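Have a look at the structure below, then the notes.
What follows draws every value from the coordinates through simple rules; no lab data is involved. Since the model is a prediction, treat every value here as computed from it, not as a measurement. We place every Cβ from the backbone using ideal geometry, glycine too, and count neighbours over all the protein chains shown.
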Amino acid sequence: MHKLIEFRNIVKSFDGQVVLKGVNLNINENEFVTLLGPSGCGKTTLLRILGGFLEQDEGTVIFDGQCIDKVPPYRREINTVFQRYALFPHMNVFENIAFGLRIKKLGDDIISQKVNRMLSLVNLEGYEKRSVTKLSGGQQQRVAIARALVNEPNVLLLDEPLGALDLKLRKEMQRELKRIQQEVGITFIFVTHDQEEALTMSDKIVVMNAGEIEQIGTPLEIYNEPANAYVARFIGESNIVDGVMKSETKVRFDDRDFDCKDYHFRPGEVVDVLIRPEDIDIVKPRDGVMRGEVKSVVFKGVHYELMVETKTGTSKTVMMNVVTQHDLHNPTTQEKISANDFYVDSEDLENQEMTDQDFISIANAQAWDEEDRDISLTRVTHNIERRPGVYSITFGTEKKTEITVKVYVIHPEYVEDARHNIGISALDFFITPDEIKESMAISTDLKTWASAEAWNLQDDSPVDITDVKFDFDPATITEGSYEITFATRGREYKVETTSRHETGDRVGLSFDTEDIHLMRKAVHET
Amino acid sequence: MKSFFRMSYPYILWIGIFIVAPMIMILLYAFSVPGNSVLTFQFTLDNFTKFFGDPTFMRVLFTSLRIAFLTTVFCILIGYPAALFISNLSEKRQTMMVLLLTLPMWINMLLKTYAWRGILMNFDLESEVKVFIGMVYDFLPYMIIQIHTSISKMDRELLTAAYDLGANKWKTFLKVTLPLSVPGIISGITLVFLPAVSSFVIPKLLGGGDYVLIGNLIEIYFLNAGDWNFGSAISLIMALIIIASMWATKKLDRNADKD
């Protein structure tokens, strides 16, 4: 195929922010090429540079063997279908389409002949005299395409043209665009962030990310053999886990060795392992290569999307002491006050991270006047020291209504899970039955009361606690001690299946050797 | 709705006493002979035949229309490039420029006209030129603001689309920017032509005693000559001219919309 357009090392930045970091790309004649990426990846900028509406800071654009860097947009043999169509509101459909021909000063009969041919190409016969402002989104879209194509450009640029249409119309226009491209036989360069759109229409997809090209390939290549985890995540659904090569055809992940195709990785190399959700089959637990528990089920129309946890996360169990604590009533001021005993981590005291406000919230200290209005607690006195032991703290209002509770300073055991690289901590706590009953979001409140937190052992960054397990009914809780387990996310696999499963089911997962795709670890972090 | 309607009663009363009643009186005066009271009304067309029969009056009418027309044309010629320039500035600067333009509008017109009288005294110019300068100065901001509003409402992407389709900057202006700013020009014309044709302060202060426009004519007949009947007739004629020109511009506007 003949090479029509060549981007050579295109660099562009706006206000010091680099949008394109040296893009190299070749586009052939008669190709339907899609620039795919999230907003801000530079795809529209690249298109605008080709259209001549923006000038690159560095690099060259070659068009049909000629450098076109200095050619103004109106002399380029390129036309554009704009994101919001940009139809001329003061002209009817016919005049909009005829615009480019009138500029070229063609004869009236030739213009009307060409415009009519375009109207039938985009299925808008009979709309000549309509005002463009009164057309539907889909019809405006067609006028915009006709207005560009009537100039018989070598290349048509389409800047997210289907973004404003509803789903049904979008699908229709996808087919329509593909048909038009095949009929007129010119190069279409289509910009979108919609992976499905890209897969349906393109001959070639260019996946972009943060001003760089991640992968160029046919839709099949991009889907089946994504170059890296970024592309895999962007196109289709994916499960991506860390793996290590044991030999050229053996990869280890999730503590097991799996046979795989030869992807030319050296033994010992660290790779990203991709398994598409539709390639995983749900089987009986003993028949699966992995076993797990169904965590969630989402109905997607044709299939169900399951999340199956094959390994639990890092967890820590604490005791919740439910005790009834009576509000203290001050007869002289008519004020009431309450607070709970609490545990505190001696390390938090050493770092002097605890303020009076922290004590108030951890003890859940509150005060009310006779009309049940909240009063602020202005006095906090305590004898708390860093040494583990039992201390006391007194909370008081302006009018000297006071309550004293016990503080247990302890050296809690952290759970440090070296294999997952995660640490987790939580403290025992005291709480009243009423506070549990009044809680609107019990899992979140339990996390707060227990000061539960998890972190990455390497860089101390916080890790989400996704699972709070407890064995009581918040509505009917009575005094006593209860175990609560906090856990981080374990290893979960997304599975697409047509058979029905319930949350909590034990299932086996099975997949074939060729369903395991190995990808080079991305060098840059995004 | 009904209760809202009742709230408009005071306003209707106000309009009735201060606008409708005087208009009816003007109508009655215009078609009656001097010395009439409402009870002894005597119909006549003399006031109109007097106006249209006298070349002096016709010359005054013609001069008024001519100077208003020239003022409007010059306001467009100066105002359009100015508005175009302003709408190409950054948003912040546009606000600043519009503020600067409207600033003189806060100053009393009489004061501004007196200032012009002082300036123009030093130049040996014809009365009509002085009046013309005063009018263009006074009405120009209205024109610029109207055109600027219509240009800045325009989608910038339309210009990009025109370049894309092969139009250079000049062709883009002619085929896109100009037609889309016609509504702004039309409302600018309404805001400039109508006050210009009926203005009497500017010609009085800048034109000297001998320079008379139709507004001054009305003033003279009501206040100096005491001939309310003839004064009313001239007012009526001017009102009809204004209504006719408003109708014409509306029609122009609608035609521009259709294309």
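One table, with the values for the structure above:
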read-out	value
In degrees, nearest ten, helix A:108-121 long axis to first principal axis of chain A (Cα)	40 degrees
Cα-projected label distance for A:Arg179 with B:Thr102, points at 7 Å along beta-carbon direction, nm	5.3 nm
Nearest 10 degrees, 0 to 90: helix B:109-121 Cα axis against chain B principal axis	80 degrees
Inverse of mean 1/r across different Cα pairs in the range A:343-501, Kirkwood, Å	18.3 Å
Around A:Val468: net Lys/Arg minus Asp/Glu count, Cβ-Cβ under 12 Å	-2
Length-normalised contact order of the range A:315-488 in % [C-alpha pairs under 8 Å, at least 6 apart]	28 percent
Selected from B:Leu45, A:Thr45, A:Thr187, residue furthest toward positive end of dipole (the protein assembly as shown; charges at beta carbon)	B:Leu45
Pair B:Met23, A:Asn123: separation of 7 Å Cα→Cβ label points (nm)	5.5 nm
About the Cα centre, charge dipole magnitude for the range B:58-127 (Lys/Arg +1, Asp/Glu -1 at Cβ), debye	100 debye
Cleavage-rule hits (trypsin sites (Lys or Arg not before Pro)) in the range A:381-421: DSSP loop, at most 15 neighbouring Cβ within 10 angstrom	A:Arg386, A:Lys399, A:Lys400, A:Arg419
Nonlocal amide H pairs with A:Leu158, under 5 Å, H built at 1.01 Å	A:Val81, A:Ile189, A:Phe190, A:Val191
0 to 90° range, to nearest 10: angle between helix A:93-103 axis and chain A longest Cα axis	60 degrees
Debye log10 I(q)/I(0) for the range B:45-258, one point scatterer per Cα, at q = 0.18 Å⁻¹	-1.26
Antiparallel bridge percentage (DSSP; both residues within chain A; nearest 5)	80 percent
Net charge, B:Pro195 excluded, C-beta distance under 15 Å - Lys, Arg +1, Asp, Glu -1	+1
Placed amide H near A:Ile422: partners under 5 Å, 5+ positions off or other chain	A:Asp417, A:Leu457
Between the range B:65-139 and the range A:319-340, the Cα center-to-center distance that results, in Å	77 Å
Least to most buried among B:Thr172, A:Thr218, A:Thr355 (fewest other Cβ within 10 Å first)	A:Thr355, A:Thr218, B:Thr172
Exposure rule at most 15 other beta-carbon atoms within 10 Å, DSSP loop chymotrypsin sites (Phe, Trp or Tyr not before Pro): chain B longest free segment	B:124-259
Cβ-based net charge around B:Gln146, under 14 Å, with every Lys or Arg adding one and every Asp or Glu removing one	0
Rounded if a/c under 1.5, otherwise prolate or oblate - the range B:76-198, Cα gyration tensor axes	prolate
Ranked list, fewest to most other Cβ atoms within 10 Å of each Cβ, for B:Val129, A:Val507, A:Val322, A:Val308	B:Val129, A:Val322, A:Val507, A:Val308
Per-residue average of Cβ from other chains inside 10 Å of B:104-113	0
Per-peptide average of other Cβ atoms within 10 Å, ordering A:480-491, A:190-201 highest first	A:190-201, A:480-491
Packing-based exposure ordering (other Cβ within 10 Å, fewest first) of A:Leu167, A:Leu349	A:Leu167, A:Leu349
Rounded to whole Hz, the Karplus (6.51, -1.76, 1.60) HN-Hα couplings of the range A:198-214, x for glycine and proline	4, 5, 5, 9, 7, 8, 9, 10, 10, 8, 10, 8, 6, x, 10, 8, 8
Averaged over A:95-101, number of beta-carbon atoms from partner chains that fall within 10 Å	3
Computed over the range A:3-232, Cα set: Rg, Dmax in Å	17.7, 56
Peptide A:81-90, shielding by other chains (average Cβ, 10 Å cutoff)	6
Cα shape, the protein assembly as shown, gyration tensor, a/c 1.5 rule	oblate
